[in-house]
Each structure stands twice: as C-alpha cells, then as structure tokens.
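Novice: Structure below; questions to follow.
The values are calculated or read from the model by the stated rules, or taken from the named source; none is laboratory data. On a predicted model such as this, the values are computed, not experimentally measured, just so you know. Using ideal geometry, Cβ is built from the backbone for each residue, glycine included, and neighbour counts are taken over all protein chains shown. Surface accessibility is based on the protein's heavy atoms, side chains included, excluding ligands, DNA and RNA. Shrake-Rupley method; radii C 1.70, N 1.55, O 1.52, S 1.80 Å.
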Amino acid sequence: MTRPSENIRDWLEATSGIVGVLLLVQVATGVLLAFYYVPSVDHAHTTVSYIEKVVSSGAWLRSLHHYGSQWLSLFVFLHAIRLFLTRAYVANKVQWIVGILLLGLVMAAGGTGYSLPWDARAFFSTRIAEGLMAGLPFVGPMARLWLLGGSDISTITLSRLSALHVLVIPACVGAVVVWRLFRANVAEILVPRHAIAGGVVFLLLALWCLKYRAPLGPSVAAMPIDYVPRPGAQFLWLYQSLKFLPGGLGSVAGVVLPGIVLTILVLLPWLKRQRLIAGTILGVMGVLVVAMTTASYLSDRNDPQTARQLAIQAAHEDAWRRESFTPAPITLATAMAMSVETGSAPGGQPNMYIKFCAECHGLNGEGGQLGRLRFPPLIDVSTKPRRTSDDIVGLLKDPEAYGLQPPMRSFSNRLTEEQMKEIGEWIVTLKK
Amino acid sequence: MDHEPSRRSFLKLVPLGILAGVFASIGGAAFRFLRPKLSAATDSWLDVAPVAELTGPQPLSRKIAAEQIAGWAINIEEHNVFVLPAKDHQVLSPVCPHEGCEVAWDQGSNRFACPCHESFFAADGARISGPAPRGLDRLPMRVQNGKLQVQYVTKEQATQA
C-alpha cells in the first residue's frame, strides 16, 4: 500500500504525460493542416476556409490544433510548477531544463501560429508582434525589419512566420524532447498513470473541439474598420498588460522580461537560493497570468460597446460559416477572366445582392434574425422616406448618414457604383 | 500483492493502448481529411477558332483554355491541341499515350515526334513507331455557329474509354 500523499505526488507527475500527448496532437494535426494550407497573403485565408468548410474532419482537426495549443500552454506551465515542487532542478536537471525550454517554445509556436490564417485576428497579432519587436531597446528597428522581412508587413512576413511555425520551432521542440527521452528509459516514459492522464485530457479536448470551432475572422482584405481583435486565451495576459504599458515598456513586458525569466529558470540548477528564485518567479507569473486573464474577460463583459461589437463579430462569423465555400481564382489572369460581377440570378436578385446582402436581409428581402440581432425586411422599404434607389446607393456607401447602426456597414470598398445601383433598383421593386 | 508479473505486464500495455487510441481517432479523421476530391466532370465545349481560319494541308497547333477547379482554387488551364484541316477538322490531343509528354509537329519529316521516348505519329495521329501503345487521342469536336469547339479529354480518360 502507498500512502495517500505519495499517491497525489505520483499523479502530479502525470503532467509530463499530458504535455507529451498534447505535443503529439499538435504535430499530427499541424502536419495534416499543412496538406492544404498555403502561406501567402492571397491564399492563406481561402485555404483555411476550405479546411473549415469543405474538407472532411477539417474543422475538427483545425479546432484540435487551435485549442490544443491553448491547453498545451496551460499544461506546460503546470508542468513547470510541478517540476519546481518536485525539485527537479536538483534531482533531474535535464528534465527541468527541457520543461522550461518547452514553455518558451510552446508560447513561441502559439505566437507565430496566430498569424497564419491571415484573418483579421492574424493581422492584428502580426501588427502587435511588429510593435513588440520595434520597441525593443537598442535592437528595436533592426529586430522589426528581420521579423517582417522588409519595411512593412507583407506576404514575406507571412512566409517567415510560417517557416518559423512549421519548421524551426517544431525542430527545436523535437530536439529538446529527444534530448529528454535519451536520458530516460522506456519504463520511465510509458508510465500508465502518465498515459491515463494524457488520454483523459485528449478525450476532453476532442469533445471540446466537437462542440467549439476554431475562430476564423474576416480575411484581411475584407476586414471592417471597426473590427475588435482578441488574442487566444494563452495571450490574454499579455494583451491585458499592454493596455497599461506605453511604447517600449510593452516590449520589455512581452519580450525582454519573459526572455530573462526563462534564461534564469534554465540556469537555475547552477544558481544559489534556487527555491526562493524559482518560487518567486513562478508564483508571480501564475498570479499575473490569472489576474490579467480574468481582468481582460471582465473588461470585455462589462463594457457594453465592446460586448456589442464582439457579439456582432460572432454573428458575422456564424453567417460566414453558413455560406458555402466558393473556390478562389489562383492567378490574377483567372480572376480577371471571371470578374463578371453584375447581372442577376433566376429569382431576379442581382448577383451582388446574393453575395453581400441576402445572408442577413433574406434571399427575397424578407429580413432575418441571427442570435439576438434582427435585420429589417426590405420589402416595401421604398414606401419609407429617404429610400429611393438613389438613396439606397448612398446608404450602401455611408449607412450612418441614413441613420443606420452597425452591423449594417459600408460597402463602398466592395461594390462598384454600377453594382450598388443594380441592388438599389431591385430593392425598390420589392412589394408585398 | 502489488507486483505480480501478469499485472505488471498488463500495466505496461495501458500506455500503449491509450496512445493507440489517440492516434486511431486522429488517424481516422486524417484518412477522411486527406482523401482526394475528384473534380466534377466537365463536358463543356471549348472554343478553338472559327473554322474558316483553319485551312491548309498541315496540322495546326491551337490553344484552348479550360476552367479547372482543384479544391479551393480555380485555375484557367491552357492546353495545346492539333487541328487537322485536311481531315474534316479532326482535333488531336498532343499528349503522347505512352507517358504523357507533349508531342511536337515536325514539318521536315511530316510527322509528330514525342520529345521524351522517341514515339512517332503520322500526320493523322496514327502511331508509326516507338513505345506509344496507340496513336494520338482524338478529342470530341463539333462546329457551332462556324466555330470549331472541342471537349478536352486527358490521357487517363482516353485510356479508360
């Protein structure tokens, strides 16, 4: 018989099993996503949409990769804490160093991975990475250029982040894990308790991903100006901290400080006062992450305007999910050959009405509802004041001038004058 | 007793079983995920040129453009075809039925030559010599409003037909 306290200790050690299983899931799902994903600014969002909407099991596998990275961040941090509690920095130095390096690498993988779908969130994530680099002391401007691969964010930036995410970081993770495994024997790795813990966490993750889809915002090209981006759960602490930190201090908090902290922790086995140093660092990190993450959730929930905008974005994403996937022209020549964007469908609706308006206002202008948002019917709208076909063209350009609120937005950068006229002239014909 | 042999060897299988379960669930999804998507058969007629412009004793090389949907992408694929004005405007695929290289018309020797493995074809597409199993494939053609139109058929489709 083992004493209960030893039992708890044994189960605490199972964090390595959880981290191991989650790492394997990230590699497996990442490899699969690479079979369709194209790291280029004009195709990234299309290929990710294709994975989400068309490819069998695509949404589940992408969800596993997305939420798996967040769960992995959590468990790799818990793993570091349990290594601290079991004094691994004395008992098993390699295990300690590997655990800390994995913490850094997992966060780096998450940071680079957020840019890859090239949706609105990805764009802001890249912008913030750019800002964090630019604000670094001494090397800032140079670090920024090296991250971007040029003087501004471009398709080269996406290629760089993609290469880091799918080649460089996984290679580092692999090297670190292999180093650890070579120092262990098989019985030490295949511990039933570790495997059971890993299996249970995977099962929960798999079920979670059946219910929740990985988010995908509008593509950068179609991004509304009022878009409010939010990072993934593992970066909320940084996002919330940046609200309080001006300019270069953000780079210190987001890059310099984590770098110093990880370096100290890696070197811990050779330092004095180990328990005090590591205890303080991990304790402050834990409190900071929990407090900042909670604060960011609360501030989003308590600010009505932000809560409303986030609800609108969620409704847009729902609507986008229900649209069927349209293949994208692969070259400019194809795009130009296909750009016959006027004309109408058999039901009389202009093609552009079907593309941009029907999702909310109904295929025949009957109006609609999405969650708590209601969209007014367009039938008989011409009987109201300021709703002639010319007015509708003006309204499509500047809804606010006609007293309309979001989610109605301006289409001036998406429709030509002729297309708007076509839509306006059709809408005024709608009668009961 | 905590350490009897049969229980210990059973316990060793638990981790392997769980790992196998994780990989089986992802593996099943992976199979569906990677399964190739066949593009819908297109039987659309593609314009070659007005018949009046296709004259003379020699095979004429013309380009046709076909819209191709591959997964997320739409691409306009250009294919070469050979029109035989002397043979009722029959249209030949330039794809050698051997390994699929594109043949060229050699005016000097009055025959088609495959650049890859030295198959030769007569001016009407019939096989003369070389490893090709048959002559050049004929594409379905018609004349609509004075325009020659064809359907593009790949080597694999022609082999099955």
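Novice: Only one of these is in contact with a Pro (Cβ under 7 Å, 6 or more places away or on another chain), open to solvent by 60 Å² or more (accessible area, probe 1.4 Å) and either in a loop (DSSP other than H, G, I, E, B) or over 30 Å from A:Tyr50 (Cα atoms) (or both): B:Pro133, B:Pro97. Name it.
Specialist: From the options B:Pro133, B:Pro97, the qualifying one is B:Pro133.
Novice: Of the residues B:Phe10, B:Phe31, which is more than 30 Å from A:Val31 (Cα to Cα), open to solvent by 60 Å² or more (accessible area, probe 1.4 Å), in a helix (DSSP H, G or I) and within 13 Å of chain A (Cβ to nearest Cβ)?
Specialist: Matching residue, one of B:Phe10, B:Phe31: B:Phe10.
Novice: Further, regarding this structure: Does the stretch A:90-103 contain at least one residue that is of a type in the set (D, E, K, R) and out of contact with any helix residue (DSSP H, G or I) (no Cβ under 6 Å at 6 or more places or on another chain)?
Specialist: No, every residue in the stretch A:90-103 fails to be of a type in the set (D, E, K, R) and out of contact with any helix residue (DSSP H, G or I) (no Cβ under 6 Å at 6 or more places or on another chain).
Novice: Related question: Could you tell me how many of the residues in the stretch A:379-414 are without any contact (Cβ under 8 Å) to a residue 60 or more places away in the chain and under 25 Å from A:Asp226 (Cα atoms)?
Specialist: Result for the stretch A:379-414: 20.
Novice: Would you point out which residue out of A:Leu262, A:Leu216, A:Leu257, A:Leu236 is touching a Gly at 6+ places or on another chain (Cβ under 6 Å) and modelled with pLDDT of 90 or more?
Specialist: The conditions single out A:Leu262.
Novice: For A:Thr46, work out the one condition from (1) in contact (Cβ under 8 Å) with a residue 24 or more places away in the chain; (2) in a helix (DSSP H, G or I); (3) within 15 Å of A:His165 (Cα to Cα) it doesn't fulfil.
Specialist: Among (1) in contact (Cβ under 8 Å) with a residue 24 or more places away in the chain; (2) in a helix (DSSP H, G or I); (3) within 15 Å of A:His165 (Cα to Cα), the lone unmet condition for A:Thr46 is (3).
Novice: Given the conditions (1) of a type in the set (A, V, I, L, M); (2) more than 12 Å from chain B (Cβ to nearest Cβ); (3) crowded, with 20+ Cβ neighbours inside 10 Å, and given that A:Ile51 satisfies all but one, which numbered condition is not satisfied?
Specialist: (2)
Novice: Quick one: is B:Arg138 open to solvent by less than 70 Å² (accessible area, probe 1.4 Å) and without any contact (Cβ under 8 Å) to a residue 60 or more places away in the chain?
Specialist: no
Novice: Follow-up. Would you point out which residue out of A:Gly279, A:Gly348 is modelled with pLDDT under 90 and either more than 22 Å from A:Lys243 (Cα to Cα) or hydroxyl-bearing (Ser, Thr, Tyr) (or both)?
Specialist: Result of the check over A:Gly279, A:Gly348: A:Gly348.
Novice: Does any residue of the stretch A:416-426 turn out to be in contact with a helix residue (DSSP H, G or I) (Cβ under 7 Å, 6 or more places away or on another chain) and part of a loop (DSSP other than H, G, I, E, B)?
Specialist: No.
Novice: Now for a separate question. Which residue is nearest to A:Ser16 (Cα to Cα), if the candidates are limited to the stretch A:179-196 and must be at pLDDT 85 or above and of a type in the set (A, V, I, L, M, F, W, C)?
Specialist: Result: A:Ala195.
Novice: Out of A:Ser63, A:Ser56, which single residue is within 16 Å of the chain's Cα centre (by Cα), farther than 24 Å from A:Ile81 by Cβ and polar (S, T, N, Q)?
Specialist: A:Ser63
Novice: Determine which member of the set A:Ala214, A:Ala206 is within 14 Å of chain B (Cβ to nearest Cβ) and open to solvent by less than 50 Å² (accessible area, probe 1.4 Å).
Specialist: That would be A:Ala206, the only listed residue that is within 14 Å of chain B (Cβ to nearest Cβ) and open to solvent by less than 50 Å² (accessible area, probe 1.4 Å).
Novice: Any chance you could count how many residues in the stretch A:227-256 are farther than 16 Å from A:Met133 by Cα and open to solvent by less than 40 Å² (accessible area, probe 1.4 Å)?
Specialist: 9
Novice: Taking A:Gly403, is it touching a His at 6+ places or on another chain (Cβ under 9 Å) and open to solvent by 20 Å² or more (accessible area, probe 1.4 Å)?
Specialist: no
Novice: Exactly one of these conditions fails for A:Met292: (1) touching a residue at least 12 places away in the same chain (Cβ under 8 Å); (2) open to solvent by 50 Å² or more (accessible area, probe 1.4 Å); (3) over 30 Å from A:Cys357 (Cβ atoms). Give me its number.
Specialist: Only one criterion in (1) touching a residue at least 12 places away in the same chain (Cβ under 8 Å); (2) open to solvent by 50 Å² or more (accessible area, probe 1.4 Å); (3) over 30 Å from A:Cys357 (Cβ atoms) is unmet by A:Met292, namely (2).
Novice: How many of the residues making up the stretch A:54-64 are open to solvent by 20 Å² or more (accessible area, probe 1.4 Å) and not in a helix (DSSP H, G or I)?
Specialist: Total satisfying the criteria: 3.
Novice: Among the residues of the stretch B:71-84, write down those that are away from chain A (no Cβ under 14 Å) and either open to solvent by less than 20 Å² (accessible area, probe 1.4 Å) or at pLDDT below 85 (or both).
Specialist: B:Val81, B:Phe82, B:Val83, B:Leu84
Novice: Only one of these is open to solvent by 60 Å² or more (accessible area, probe 1.4 Å), of a type outside the set (D, E, K, R) and closer than 30 Å to A:Val55 by Cβ: B:Gln107, B:Gln68. Name it.
Specialist: The unique qualifying residue is B:Gln68.
Novice: So, one more: Looking at the stretch A:83-97, which of the residues that are touching a residue at least 12 places away in the same chain (Cβ under 8 Å) and open to solvent by less than 10 Å² (accessible area, probe 1.4 Å) is nearest to the other protein chains (Cβ to nearest Cβ)?
Specialist: Per the criteria, the residue is A:Leu83.
Novice: Right, next: Output yes when any residue across the stretch A:54-75 is of a type in the set (A, V, I, L, M), in contact with a Cys (Cβ under 6 Å, 6 or more places away or on another chain) and modelled with pLDDT of 95 or more, and no when none is.
Specialist: yes
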